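The values are calculated or read from the model by the stated rules, or taken from the named source; none is laboratory data. Owing to the predicted nature of the structure, the values given are computational and were not obtained by experimental measurement. When we count neighbours, we look across all protein chains shown, and the Cβ atoms used for this are built from the backbone with ideal geometry, even at glycine.
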Ligand SMILES: Cc1cc2nc3c(=O)[nH]c(=O)nc-3n(C[C@H](O)[C@H](O)[C@H](O)COP(=O)(O)OP(=O)(O)OC[C@H]3O[C@@H](n4cnc5c(N)ncnc54)[C@H](O)[C@@H]3O)c2cc1C
């Protein structure tokens, strides 16, 4: 049986998912097809920043920075549990007054490009004080501190998926495309579930290619007769380090090659160092962190740090690939991070919308722009409104009361629930009065109640979905607990 939809979206990263969420809110019939897990592509491999992109000012990308800063303000309100303001320290390592002046000027512009900025404005900071003395090298005495925001990238994707589903969107993960053809009635897609062998067929007049770095590959495979996108793929790698930072601030380090890298808080007891930027032509299914990238990141951070970071500090590494618009001029780190939406119409009256480039930070705006563009060729669709929405876990919550109500659960676990899920965690906590009610204890603060929620409500089908994209408990789960959890997931 063929199910009729308004839009078929390919790709369950942040951009595809935000388009699905916004379209479903408008009352459109949406199906989203993802080949693996939600957020299994670039959207779980980012630096986790919701930011204007201070460094893009160097390339004069003022309008992108302004747009992203505007989005930052909105996203903090839409998902206050998941998107948090953070202070970033830029230590001065060069004694050049001109360099300091340029940084302070950049920060002044950054603060003033955001019309509704509610975050603390940038200022100078002394770093030869007790709290940083054993962290920075002796020659680092001063710096600047500015505000941005950070998130948990893959959880942000899940929140959009939940919003889309609450508005009747169909979201299918681990799907193989058996056939994608164009007919007089629209795009007809037949997909098969990789686990259950179950097949479904959908038809819609509009097809959205939101496959991120796979965008050109998808075009070649299924849409070869249409004009192809000019993209450059740039790989970025991160190191998760088992190191405590002095406080809850992040650090921006200037590198000798003119790039910048970030050292940010991550899960409790860990920090995140990244990223590299390497032109990439390899397989998108198998992106590895190269030893040279590890060497580069450690050396760049160690210019500043008193106790050098070493490979022994590395707990985990990950790489992602940015799909960037190829302007044919700039090198990898100078290419624009802005997005482009390409709308193509076929002779049969069907349309393809291709999403090119973009940032985690601008996904909400990208989704609205996509729908505004589509509405021009579908005037009967409801009008797209740029209105304030709350992501599902972002409902107001009295945290003190919450901690009291569930005081039988270890406080670190409750803090993780709040940080990752916001009010979504009430789904499995309501009615629980003791640890025994939480079911099997899988270790690392993971109880059966949360696992059951993730399996039934958040599209978890494999252990990696659960341990690396819904949570990051993969960092601290031991082998015995891992086996027990695998067994449990297998038999559900
Ligand atoms: C190293 C790095 C650091 C970054 N840091 C930041 C940051 O701090 N802040 C920020 O704002 N941005 C950041 N970004 C950018 C941001 O992560 C990306 O712009 C964003 O995640 C792209 O999302 P997407 O949905 O377009 O692509 P993806 O997340 O890659 O999603 C595309 C999806 O399409 C699926 N797909 C592909 N082909 C098919 C098919 N044939 N059938 C079905 N599904 C298919 C894939 O499996 C994938 O899940 C960073 C990027 C990188 C690489």
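Filter the range 245-268 for residues that are out of contact with any strand residue (DSSP E or B) (no Cβ under 7 Å at 6 or more places or on another chain) and either under 22 Å from residue 322 (Cβ atoms) or free of Cβ contacts under 8 Å to residues at least 40 places away in the same chain (or both) and give the result. Please lay out each step first, then the result.
Filtering the range 245-268 down to residues out of contact with any strand residue (DSSP E or B) (no Cβ under 7 Å at 6 or more places or on another chain) leaves 246-247, 256-259, 267-268.
Correct list: 257, 258, 259.
Pick from the range 377-391 the residues that are under 28 Å from residue 72 (Cβ atoms) and in contact (Cβ under 8 Å) with a residue 12 or more places away in the chain: which of them is surrounded by the most Cβ atoms within 10 Å (Cβ to Cβ)? Walk me through how you get there before you give the answer.
So the first thing to find is which residues in the range 377-391 are under 28 Å from residue 72 (Cβ atoms), and the list is 382-391.
Now drop any that are not in contact (Cβ under 8 Å) with a residue 12 or more places away in the chain, which leaves 382, 384, 386, 388-391.
On the way: 382: 12, 384: 19, 386: 11, 388: 8, 389: 16, 390: 16, 391: 24.
My answer is 391.
Residue 169 passes all but one of (1) within 15 Å of the ligand (Cβ to nearest atom); (2) surrounded by 22 or more Cβ atoms within 10 Å (Cβ to Cβ); which number fails?
Of (1) within 15 Å of the ligand (Cβ to nearest atom); (2) surrounded by 22 or more Cβ atoms within 10 Å (Cβ to Cβ), only one is false for residue 169: (1).
Looking only at the range 429-441, which residues are surrounded by fewer than 17 Cβ atoms within 10 Å (Cβ to Cβ), in contact with a helix residue (DSSP H, G or I) (Cβ under 8 Å, 6 or more places away or on another chain) and not in a loop (DSSP other than H, G, I, E, B)?
Residues of the range 429-441 surrounded by fewer than 17 Cβ atoms within 10 Å (Cβ to Cβ): 430-431, 433-437, 439-441.
Restricting the remaining residues to those that are in contact with a helix residue (DSSP H, G or I) (Cβ under 8 Å, 6 or more places away or on another chain) gives 431, 437, 439-441.
Correct list: 437, 441.
Please go through the range 18-75 and pick out each residue that is touching a strand residue (DSSP E or B) at 6+ places or on another chain (Cβ under 7 Å) and within 8 Å of the ligand (Cβ to nearest atom).
Of everything in the range 18-75, those that are touching a strand residue (DSSP E or B) at 6+ places or on another chain (Cβ under 7 Å) and within 8 Å of the ligand (Cβ to nearest atom) turn out to be 33, 34, 35, 42, 45, 46, 47, 48, 49, 50, 51.
Looking at the range 433-441, is at least one residue within 25 Å of the chain's Cα centre (by Cα) and modelled with pLDDT of 95 or more?
Filtering the range 433-441 down to residues within 25 Å of the chain's Cα centre (by Cα) leaves none.
No; the residues of the range 433-441 include none that is within 25 Å of the chain's Cα centre (by Cα) and modelled with pLDDT of 95 or more.
Considering only residues that are under 23 Å from residue 201 (Cβ atoms) and under 17 Å from the mean Cα position of the chain (by Cα), look in the range 3-17 and name the one that is nearest to the ligand (Cβ to nearest atom).
Of the range 3-17, the ones under 23 Å from residue 201 (Cβ atoms) are 3-12, 16-17.
From the residues that got through so far, the ones that are under 17 Å from the mean Cα position of the chain (by Cα) too are 11-12, 16-17.
Numbers: 11: 3, 12: 5, 16: 5, 17: 7 Å.
Going through the qualifying residues, I end up with 11.
Let me confirm something: among 485, 446, 426, which residue is crowded, with 19+ Cβ neighbours inside 10 Å, free of Cβ contacts under 8 Å to residues at least 40 places away in the same chain, within 26 Å of residue 165 (Cβ to Cβ) and out of contact with any strand residue (DSSP E or B) (no Cβ under 6 Å at 6 or more places or on another chain)? Show your work before the answer.
Values: 485 fails: free of Cβ contacts under 8 Å to residues at least 40 places away in the same chain; 426 fails: crowded, with 19+ Cβ neighbours inside 10 Å.
Just a single option satisfies the conditions, and that option is 446.
Would you tally the residues in the range 179-228 being within 23 Å of the chain's Cα centre (by Cα) and either surrounded by fewer than 19 Cβ atoms within 10 Å (Cβ to Cβ) or farther than 16 Å from residue 31 by Cα (or both)?
Residues that pass the stated criteria total 7.
Only one residue in 244, 254 is more than 13 Å from the ligand (Cβ to nearest atom), in the same structural domain as residue 290 (by TED's automatic domain parsing), over 18 Å from residue 374 (Cβ atoms) and surrounded by 15 or more Cβ atoms within 10 Å (Cβ to Cβ). Which one? Walk me through how you get there before you give the answer.
On the way: 244 fails: surrounded by 15 or more Cβ atoms within 10 Å (Cβ to Cβ).
Every option except 254 fails the conditions.
Tell me whether the range 134-143 contains one or more residues that are more than 23 Å from residue 55 (Cβ to Cβ), touching a strand residue (DSSP E or B) at 6+ places or on another chain (Cβ under 9 Å) and modelled with pLDDT under 95.
Narrowing the range 134-143 to residues more than 23 Å from residue 55 (Cβ to Cβ): 134, 138-139, 141.
Checking which are touching a strand residue (DSSP E or B) at 6+ places or on another chain (Cβ under 9 Å) leaves us with 141.
Now narrow it down to the ones that are modelled with pLDDT under 95: 141.
Checked against the condition, which is being more than 23 Å from residue 55 (Cβ to Cβ), touching a strand residue (DSSP E or B) at 6+ places or on another chain (Cβ under 9 Å) and modelled with pLDDT under 95, the range 134-143 yields at least one hit.
Do any strands (runs of 3 or more DSSP E) lying entirely in the range 1-54 carry at least 3 residues that are out of contact with any helix residue (DSSP H, G or I) (no Cβ under 9 Å at 6 or more places or on another chain) and modelled with pLDDT of 95 or more, and which ones are they?
Of the strands (runs of 3 or more DSSP E) lying wholly inside the range 1-54, those with at least 3 residues that are out of contact with any helix residue (DSSP H, G or I) (no Cβ under 9 Å at 6 or more places or on another chain) and modelled with pLDDT of 95 or more span 2-4.
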